[in-house]
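A.B. asks: Starting off with a structure, shown below.
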Amino acid sequence: MTATPPLLLVDGSSYLYRAYHALPPLTTAAGEPTGAMRGVVMMLRNLVERFAPSHAAVVFDASGPTFRDALYPDYKAHRPPMPDDLRAQVEPLHAMVRALGLPLLAVPGVEADDVIGTLARDAAARGLAVVVATGDKDLAQLVDARITLLDTMKRNGEESVYDRAGVLAKFGVPPEAIVDLLALMGDSVDNIPGLPGVGPKTAARWLAEYGSLDALVANAGAIKGKAGDTLRAHLGQLPLARALATIRCDVPLEVGFDGLAYHGPERPALLALYRRYEFNSLLRELEAAPAPAPVAVDAAGGEAAAGDAVAVDATPADPPAKVRDYDVVVTAAAFAGWLARLEAAALFAFDTETTSLDYMQAEIVGVSFAVEPHRAAYVPLAHVYPAAPEQLDRAEVLAALRPLLEDPARAKVGQHLKYDWHVLRNHGVALAGIAHDTMLESYVLDSTATRHDMDSLAARYLGETTIHYEQVAGKGAKQIGFEQVPIDAAGEYAAEDADVTLRLHQALWPRLEAEPRLAALYRELEIPLVPVLARMEDAGVRIDPALLRRQSGEIAQRLLGLERQAHGLAGQPFNLGSPKQLQAILFDQLGLPVKKKTPTGQPSTDEEVLEELAAEFELPRVILEHRSLSKLRGTYTDKLPALVNPRTGRVHTSYHQAVASTGRLSSSDPNLQNIPVRTEEGRRIRQAFVAPPGTRIVAADYSQIELRIMAHLSGDERLRAAFAQGEDVHRATAAEVFGVPLERVGTDQRRAAKAINFGLIYGMSAFGLARQLGIGRGAAQEYVERYFARYPGVKAFMDRTRGEAAERGYVETVFGRRLYLPDIRSKNPARRAAAERTAINAPMQGTAADVIKRAMLAVDAWLQGGGAAARMIMQVHDELVFEVAADAVEAFVPRVRELMSAAAALSVPLDVDVGVGDNWEEAH
DNA sequence: TGTCTGGCGTAC
DNA sequence: GACGTACGCCAGACAT
């Protein structure tokens with residue numbers, strides 16, 4: 001940050017659209033749309049806090065035509081009118097911007113970009129630093145030594161800052177060539193024609209080579225190839241395209257620089273607006289803030305590091321000291337006081353601090369609590385750094401807390417409580433009464449958000465920057481265990497965690513309650529699943545490390561042989577594991593034909609390409625075998641033994657409940673959901689997942705669950721009948737598509753039908769099907785058409801789903817789980833098509849996830865009630881794996897089949913295949 | 001030495 | 001551009 005506060009220019013229009021498409025369509029209780037407003041207000045608030053600008057402007061497009069329409073009648077001709085639920089937010093947003101104290105500009109006849117350009121250049125000429133906040137890359141042309149571009153609110157929640165070097169890195173050309181770049185590329189959103197087939201890469205390459213559009217045009221005759229022809233054919237349109245892309249920096253403005261002074265928010269107006277549009281967390285924050293809010297912040301941030309305990313890396317943008325009241329509890333009396341508060345509370349937030357992120361090893365270092373906003377306590381219990389002060393005894397404190405923590409009737413809220421469940425379990429405390437988990441609240445509200453960690457949620461829903469773990473414990477090599485963090489810093493951090501968790505819950509829960517189906521999913525499925533998953537993780541699975549090591553050894557031998565063979569064929573040694581080196585050998589040295597390219601333009605060496613080349617050449621065959629074996633060794637046979645917990649002799653995965661946007665679980669460290677099964681070689685790894693003496697492995701998987709769900713969702717009579725009659729669905733599909741009797745279906749026909757069935761679930765096109773089956777596009781198209789003719793209900797379902805997604809902006813599972821699809825209305829056809837495929841797939845994949853989660857609850861309840869001497873140890877999307885006492889297996893199998901089949905009442909039966917064995921491979 | 005990205009491959 | 005959802009390996013580039 002510069003010493004002098006910068007001029008902050010915000011492209012209000014671009015952010016408004018971005019927020020509208022990126023954020024959930026929130027409304028007030030009365031149904032008025034507010035999501036986009038809220039997104040923009042949050043962003044403005046963060047920008048002001050961060051840059052502490054002395055002058056600022058938020059610029060919007062004015063209504064009516066601009067000079068560009070006069071230049072080019074088709075300008076923005078394809079842009080649909082503003083959606084009603086966005087238009088409704090424009091006026092309220094303007095009011096909020098004004099109440100925030102930010103000068104607002106909307107100048108008729110020009111666009112927001114032109115106003116920003118004019119203001120930016122003017123300020124830069126005065127020697128001021130300028131920050132332009134926008135989602136529109138066209139503004140990159142303004143960047144210079146004083147003007148920087150800031151792109152916040154990206155899909156992944158990160159931001160990008162573009163100075164001159166940044167623009168060059170991002171676009172491949174410097175700011176002054178951006179206009180030329182845009183003229184060549186065109187802009188489909190604005191309907192500016194570019195050169196057909198010329199994208200950012202080609203355009204940047206040309207400009208890098210010739211320096212400017214003028215020089216390129218002058219040398220157009222010298223450009224070779226198809227692109228050169230294209231260029232020569234379209235020379236005439238370039239001047240207009242450039243004029244349209246050029247931002248004007250000479251717009252006459254009524255307001256002068258002094259008129260852009262920023263004096264801070266107008267509190268009463270802002271309070272009224274927040275209240276009117278139900279921005280409750282912002283409202284509470286503003287109400288809690290001392291009035292009037294301090295505006296002038298020393299931009300150099302001199303005082304920031306002087307804070308008492310917290311600041312390891314405090315930035316000037318950290319919120320000013322709020323009314324926060326955090327205790328560090330080190331006396332029996334203080335602890336007794338907090339215990340009493342917890343006992344009196346209807347709900348309390350708690351959090352544990354530990355020695356390790358590995359839930360099986362973590363020991364408690366301290367615990368924190370909150371029962372009301374902004375008031376929290378940290379109880380340090382095992383800090384061990386030199387001269388650490390006296391702390392309460394860990395065992396005694398946990399014993400005192402035990403009745404509360406183990407009481408299912410005492411409601412607790414936490415962030416990712418599954419972890420705390422494990423940590424307490426390590427100290428013999430059985431956590432019960434998990435009433436709420438903010439991570440899951442956030443996930444159920446919007447599963448497409450990339451992160452549901454507390455820091456992200458605090459920023460998103462409270463607009464607050466929290467103390468990050470790295471700030472107190474360091475990171476990388478310098479990271480220390482939490483037990484070594486000084487108690488003062490630990491207290492601020494840990495107490496804040498409990499406080500923020502509580503306040504997040506207060507912000508999130510009303511939103512969930514406002515959506516009854518989501519609330520039910522959260523309350524009845526996700527929350528009860530927490531202890532079930534914790535128990536599965538805690539159980540782990542026994543593996544046979546000696547077997548895996550033997551396999552590693554064998555594979556190593558074979559790899560050596562293959563490597564020698566490959567080097568011989570290549571005529572030189574090279575690293576078979578390096579796609580880059582392999583690419584050089586195959587395509588440069590040996591001159592093999594390039595079959596396809598990677599997204600970065602390199603010749604691909606993936607399996608499909610190598611298979612194709614292997615028909616003619618020997619080396620690719622050797623590489624393929626080497627690849628598959630080194631994958632097995634590197635990912636599985638070498639790694640799994642290292643992950644065996646020495647205490648339990650088993651591997652304990654982590655199931656992630658808030659990662660997959662469709663509602664599935666995911667698994668890591670190790671990932672038990674991608675253990676090989678398709679090849680003979682791979683399946684040997686499953687032999688190392690063994691049943692301990694006296695037990696057996698039982699694997700139960702849903703048969704064709706996603707296709708069954710498709711039958712249910714579509715209601716297609718023919719497909720439902722196939723399942724109802726227990727037919728082999730791929731065979732039945734083949735009979736329909738190829739018009740032959742069931743018993744006459746050939747293997748290739750069944751294989752094709754299977755590919756069609758899977759393709760449908762994934763939204764595959766005829767093109768993809770053709771590639772999958774190695775047939776012509778016409779033939780693939782014909783298959784698809786015959787399929788839809790025979791299963792018209794499926795066709796109707798897909799059309800309906802796409803339409804509904806476009807209309808509502810999200811799709812739902814049978815149980816009401818929601819997945820937002822902001823790209824469904826994208827003007828970019830590729831993004832829109834991808835969103836449509838997700839729209840088709842998500843209800844099926846997500847419903848399957850809901851179903852197996854329900855099954856897990858049912859089976860767990862049965863087992864916890866003493867139903868059988870068995871424990872559930874793994875979940876692999878459509879499969880549950882159990883470790884069952886040998887003498888209990890016979891009774892177990894039919895019961896688990898029954899519970900899983902009954903997990904959902906669909907209009908088709910849910911069949912479950914169950915296998916038993918001494919290891920996972922045998923149980924299939 | 002650590003961190004990030006690209007290319008690739010495993011599962012359902 | 002063309003098949004959805006994940007996790008994780010290795011190589012290589014680059015920052016520390």
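A.B. asks: Among the listed residues A:844, A:900, A:856, identify the single one that is within 14 Å of DNA strand C (Cβ to nearest atom), touching a residue at least 60 places away in the same chain (Cβ under 8 Å) and closer than 22 Å to residue A:666 by Cα.
C.D. replies: Residue meeting the stated conditions: A:844.
A.B. asks: Conditions: (1) within 14 Å of DNA strand B (Cβ to nearest atom); (2) more than 25 Å from the chain's Cα centre (by Cα). Residue A:853 meets all but one. Number of the miss?
C.D. replies: (2)
A.B. asks: Before we move on, is residue A:289 at pLDDT below 70 and among the aliphatic types (A, V, I, L, M)?
C.D. replies: Answer is no for this residue.
A.B. asks: Of all the residues that make up the range A:566-596, how many are open to solvent by less than 50 Å² (accessible area, probe 1.4 Å), in a loop (DSSP other than H, G, I, E, B) and within 12 Å of DNA strand C (Cβ to nearest atom)?
C.D. replies: 3
A.B. asks: Residues A:98, A:146, A:155: which one is open to solvent by 40 Å² or more (accessible area, probe 1.4 Å), modelled with pLDDT of 85 or more and over 25 Å from residue A:240 (Cα atoms)?
C.D. replies: A:146
A.B. asks: Residues of the range A:381-413 being in a strand (DSSP E or B) and touching a helix residue (DSSP H, G or I) at 6+ places or on another chain (Cβ under 6 Å), which ones?
C.D. replies: Scanning the range A:381-413 gives a single hit, A:413.
A.B. asks: Let me ask something additional. Would you check which residues across the range A:665-694 are within 13 Å of DNA strand B (Cβ to nearest atom), open to solvent by 20 Å² or more (accessible area, probe 1.4 Å) and not in a helix (DSSP H, G or I) and list them?
C.D. replies: A:666, A:668, A:671, A:673, A:674, A:676, A:677, A:678, A:679
A.B. asks: Do we find that residue A:187 is modelled with pLDDT of 85 or more and over 26 Å from the mean Cα position of the chain (by Cα) in this structure?
C.D. replies: No; evaluated as a whole, the condition is false for this residue.
A.B. asks: Now for a separate question. Got at least one residue in the range A:363-372 being closer than 14 Å to residue A:419 by Cβ and part of a loop (DSSP other than H, G, I, E, B)?
C.D. replies: Yes.
A.B. asks: For the range A:813-838, give me the residue count where each residue is touching a residue at least 40 places away in the same chain (Cβ under 8 Å) and either more than 19 Å from residue A:86 (Cβ to Cβ) or within 16 Å of DNA strand B (Cβ to nearest atom) (or both).
C.D. replies: Total meeting the criteria: 10.
A.B. asks: Something else about it: Within the range A:740-763, take every residue that is open to solvent by less than 70 Å² (accessible area, probe 1.4 Å) and touching a residue at least 24 places away in the same chain (Cβ under 8 Å) and give me the one that is nearest to DNA strand B (Cβ to nearest atom).
C.D. replies: By that ranking, first place goes to A:761.
A.B. asks: Let me ask you something else. Would the range A:698-717 turn up any residue that is touching an Asp or Glu at 6+ places or on another chain (Cβ under 7 Å) and of a type in the set (Ser, Thr, Tyr)?
C.D. replies: Yes.
A.B. asks: May I ask you to list the residues in the range A:466-525 that are within 16 Å of DNA strand B (Cβ to nearest atom) and among the basic types (Lys, Arg)?
C.D. replies: Residues satisfying the conditions are A:475, A:478.
A.B. asks: Filter the range A:862-890 down to residues that are acidic (Asp, Glu) and within 16 Å of DNA strand B (Cβ to nearest atom) and give me whichever is surrounded by the fewest Cβ atoms within 10 Å (Cβ to Cβ).
C.D. replies: A:878
A.B. asks: Could you figure out which of (1) assigned to a loop (DSSP other than H, G, I, E, B); (2) buried (at least 16 other Cβ atoms within 10 Å of the Cβ) isn't true of residue A:599?
C.D. replies: Going through (1) assigned to a loop (DSSP other than H, G, I, E, B); (2) buried (at least 16 other Cβ atoms within 10 Å of the Cβ) one by one, residue A:599 breaks only (2).
The values are calculated or read from the model by the stated rules, or taken from the named source; none is laboratory data. Treat the numbers as computed from the prediction; the structure is a model and nothing was measured. A quick note on method: Cβ atoms are made from the backbone with ideal geometry, for glycine too, and the neighbour counts reach across all protein chains shown. Just so you know, the surface numbers come from the protein's heavy atoms only, side chains and all, with ligands and any DNA or RNA stripped out. Shrake-Rupley method; radii C 1.70, N 1.55, O 1.52, S 1.80 Å.
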